[in-house]
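Accompanying notes for the structure given below.
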Amino acid sequence: MLADWLAFPLLGGLLMIQTAIISRLTLLSGSGDLILLALIAWALHERVRSALVWVLAGGLLVGWVSGMPLLLPLIGYGLVVALARMIRRQVWQIPLLAMLFVTFWGTLIYHALTIVVLQFSGSPLPWESALTHVTLPSLFLNIVLAFPVYALFNDLANWLYPETVVKNA
């Protein structure tokens, strides 16, 4: 329950770091997505019970700050967290590998949704240019940032959901 209440302030702080610092550290036109990485790391932790509140908090915050329709981050982050939860059930022995796998596919899913929404809204954005100048550099930056974000959110989840030890009498 405490973890659900911490979603808005923690993701809000990450969003401030993302908009103030990470968005300035670009590679071509791509930048890292701390909210996406935080949601993936949170969803991959084995003791986290629900990631839905975190998806809603992250989606609403990003939708409020960005110029995209509000449903885009909600749907995009929801799909990525669903992928992370599915992978967690399948590859739970290697969480860091799962983090990299979901970061790779999650970045591609989120950017593909964004490109489709921009094209339907009338933006003259060619797929090739968006892929080579935004998506692939963002993918590289997200994979580099995945390691520290995973470590931070793994520690946070361990603190919020301590392991219970059952002693036999």
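Any read-out appearing in this document is the output of simple, stated calculations on the displayed coordinates, not a laboratory observation. Predicted model only: the values in this text are computed from it and were never measured. Cβ atoms come from the backbone with ideal geometry, glycine included; neighbour counts cover every protein chain shown.
How high is the relative contact order of segment 31-158, in percent, with contacts defined as C-alpha pairs under 8 Å that are six or more residues apart? RCO, segment 31-158: 37 percent.
Toward the positive end of the charge dipole of the chain, with +1 on the Cβ of Lys and Arg and -1 on the Cβ of Asp and Glu, the farthest Cα among Phe153, His111, Val134 is that of Phe153.
Computed from label points 7 Å out along Cα-Cβ, the spacing between Trp64 and Trp127 is 3.6 nm. Residues considered: Ala146, Ala57, Ala157. Largest GNM mean-square fluctuation over the chain, using C-alpha springs under 10 Å, is found at Ala157. Using the rule -39500 (n - 2.57) for each DSSP H run of four or more residues, divided by the residues of the chain, the 222 nm mean residue ellipticity is -23500 deg cm²/dmol. For the chain, the membrane-span-like helices by this rule, meaning whole DSSP H stretches whose C-alpha atoms cover at least 30 Å of axis and whose Kyte-Doolittle mean is 0.5 or above, are 95-120, 136-160; this says nothing about an actual membrane. Remark: segment 31-158 carries a charge dipole of roughly 360 debye about the Cα centre, counting +1 on each Lys and Arg Cβ and -1 on each Asp and Glu Cβ.
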